[in-house]
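Engineer: Pasting a structure below so you can have a look.
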Amino acid sequence: MTTFPLHLKAKNELTPHPMAQYWRKCQVEELFALPFLDLVFKAAEIHRQHFHSQEIQLSTLLSIKTGGCAEECEYCPQSARYDTGLERQEMLKVEEILEKAKIAKARGASRFCMGAAWRGPKPKDIETVSEIIRQVKALGLETCGTFGLLETGMAEDLKNAGLDYYNHNLDTDPARYHKVVHTRSHDDRLDTLGKVRQAGLKVCCGGIIGMNETRPERAGLIASLANLDPQPESVPINQLVKVEGTPLADAEELDWTEFVRTIAVARITMPQSYVRLSAGRSAMPEAMQAFCFMAGANSIFYGDKLLTTENPEADFDRLLMAKLDLYPLQNSSTT
Ligand code: SAM
Ligand code: DTB
Ligand code: SF4
């Protein structure tokens, strides 16, 4: 695939993170309330101050342990508490994971993100995933893991194995977290995010839009992400994938402009972060995705599957990127 021209080097590699500004929820609500095109324009300007407008970071996802999760998260098809018809799969073999990682790299992904349906890993799991991380890293890919809540010392072990990013989402407005997730708290999530930062890992932290939340609650989620200090390097904004059998299967449809507004507000409040247009793209028309890129999204999940649900085919995305003159970013170890 055509790669990002070297002379168009990512601008944010050159500038350090500034002191984070504290975002009050009402300030974020004011951004949401801007006239739609003014909001997108403002986000596009800020995007161009920190990044090259044609650069897109590509991450490929793989579920390395699927389903049968003891947690109760109303959005998730992998919870054992809901009958979603999902086939459980124990930990994949290292060879199988490496095969998928090689394909992802050959297709142009710069990062390989591995997910496990756990509340959190056990010490034995950390040994297993550490070996996997070592081998994926050796392929020349950036590595990301999303394994749930971490206990003391686990983040350091993952860092030592070669993990670059840890994904741990705040998912929704702190004040309504308990209405969506019933087996852990928002504070539990912050605790793990603290451990991840302390260990020197990069943070990937975002949320889900379209879970019957109000606009002020969307603003609350964005404020909680933007107020992480330092701000996350990567911010995945997911549109809820409605899976039959989950309590949120019948969540109210959200107008596309509201999703684009959320991307724009994430870009404005987290100017130096990669904002990822994440789950839900299979249900988004091309023009809506283009609007998200205009509003400052500069990363996607790339590959025909998310964790358990579908994502656009890689060929489709290559064509979309070509139409929009977007180039995949190469990772720092390959440029
Ligand atoms: N078990 C770990 C955890 O909960 O952190 C890691 C895997 S979990 C599936 C990772 C993230 O996937 C969740 O935090 C949520 O943001 C996202 N996710 C899960 N189900 C989703 C859905 N139906 N639509 C959109 N995003 C979803
Ligand atoms: C994130 O924010 N979204 C990804 C990744 N991080 C782990 C997961 C999306 C999952 C969508 C539902 C599924 O495929 O199971
Ligand atoms: Fe388990 Fe993570 Fe799904 Fe919650 S979001 S049910 S913790 S896999």
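The values are calculated or read from the model by the stated rules, or taken from the named source; none is laboratory data. Predicted, not measured: the structure shown is a model, and the values here were computed from it. Positions of Cβ are backbone-derived with ideal geometry, glycine not excepted, and every protein chain shown enters the neighbour counts. Ligands, DNA and RNA are stripped out before the accessible areas are found, and what is left, the full protein with its side chains, is counted by its heavy atoms. Shrake-Rupley method; radii C 1.70, N 1.55, O 1.52, S 1.80 Å.
Engineer: Only one of these conditions is not met by residue 298: (1) open to solvent by 60 Å² or more (accessible area, probe 1.4 Å); (2) within 24 Å of residue 211 (Cα to Cα). Which number is it?
Structural biologist: Unmet condition: (1).
Engineer: Return the pairs, sorted by first residue and then second, in which the second residue is modelled with pLDDT of 95 or more and open to solvent by 70 Å² or more (accessible area, probe 1.4 Å), the first residue lies in the stretch 15-33 and is farther than 9 Å from residue 219 by Cβ, the beta carbons are less than 6 Å apart, and the residues are 6+ apart or on different chains.
Structural biologist: Cβ pairs passing all conditions: 20/229.
Engineer: If you don't mind, there's one more thing I want to ask. What do you reckon, is residue 98 in a helix (DSSP H, G or I), open to solvent by less than 20 Å² (accessible area, probe 1.4 Å) and modelled with pLDDT of 95 or more?
Structural biologist: no
Engineer: Looking for whichever is under 24 Å from residue 280 (Cα atoms), within 13 Å of ligand 1 (Cβ to nearest atom) and not aromatic (Phe, Trp, Tyr) here; the options are 179, 242. Which one fits?
Structural biologist: None of the other options fit; the residue is 242.
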